[in-house]
Amino acid sequence: MQTTKHLVRRNKIPDIILSSDKNKTKTITTTRRTSTNQVIHVYHYNNDLRENNKKVNKNVTYKFPDGTKYFGQFKNGKLDGTGVMTWANGERYEGHFGNGERTGHGIYYFTDGTKYFGQFKDGEFHGEGVMTWKNGARYEGHFENGEKRGQGVYYFTDGKKYVGPFENGKFNGKGVLTSKKGTRYEGRFVNGQIIGYGVLSAANGDVYAGVFLNNRFHGRGVYKYANGDLFQGNFKNGKKDGKGKMMYADGKVHKGVWKEDKLIT
């Protein structure tokens, strides 16, 4: 599954605007000329963008010393309103800014083809959003502080789909995982793995209900075959292992001990 952690805040808005240290004054001055050849001084003072000593409240095109470019609205000398910011590495944000940060709705384009569309808060993915990857994977759901968290839907490139809760960017909680061929799992997930009680319905009609560990049958469970046979007992690493009882569709019953799917007693 694709992650978002390495993508978040890889490109910050230059500190020349974000710095909140009131004990320091940062001033960068540039000049430009109007069509009437009037010289206008544009500079930062205490983290505000000023033009001829007045805080900017309009659309401005500005290039920062690190190569970052911004075109958009300013309010009281800070990025506020709609705008476009492009970083030197080619990544780009289009959307809303508030008090100098990416806040509200926007789109973030990464150089590797990944794209995020949705809500931002304090520069992070935060709220409802959609993230798509170049390989075709897609996530639709909730983000919190830059991570997939809360309810969401993840579409794999091979046709699988997960619907359920996320935490720390991974499947966590009770969810449903389905495959393109028709296999369906409903149950517990822990850190992206199937762990705990769940029900797996295979495309061929077989059904397992029981305990899982790291995506395998592991612990007490019941396996019902499509032909009507049923095994009830212990599993280990995906195989019948330990005491169990096999009940055949024709009425026969066999109790015994299994080892790696083989009856030994």
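Would you be able to say whether some residue in the stretch 139-153 is under 23 Å from LEU79 (Cβ atoms), among the hydrophobic types (A, V, I, L, M, F, W, C), surrounded by 17 or more Cβ atoms within 10 Å (Cβ to Cβ) and over 9 Å from the mean Cα position of the chain (by Cα)? Within the stretch 139-153, not a single residue is under 23 Å from LEU79 (Cβ atoms), among the hydrophobic types (A, V, I, L, M, F, W, C), surrounded by 17 or more Cβ atoms within 10 Å (Cβ to Cβ) and over 9 Å from the mean Cα position of the chain (by Cα).
Report yes if GLY136 is in contact with a Phe, Trp or Tyr (Cβ under 7 Å, 6 or more places away or on another chain) and touching a residue at least 12 places away in the same chain (Cβ under 8 Å), otherwise no. No, not satisfied. For the stretch 163-172, the criterion of being without any contact (Cβ under 8 Å) to a residue 12 or more places away in the chain and part of a strand (DSSP E or B) is met by no residue. If a residue counts only when it is of a type in the set (A, V, I, L, M), surrounded by fewer than 16 Cβ atoms within 10 Å (Cβ to Cβ) and within 36 Å of the chain's Cα centre (by Cα), which strands (runs of 3 or more DSSP E) contained entirely in the stretch 175-263 have at least 3 such residues? Counting at least 3 such residues, we get no strands (runs of 3 or more DSSP E) at all. For the stretch 154-171, the tally of residues that are crowded, with 16+ Cβ neighbours inside 10 Å and within 10 Å of the chain's Cα centre (by Cα) stands at 5.
Only the coordinates and a few stated rules stand behind these numbers; no lab work does. Bear in mind that the values here come from a model prediction, so they are computed numbers and not experimental data. We place every Cβ from the backbone using ideal geometry, glycine too, and count neighbours over all the protein chains shown.
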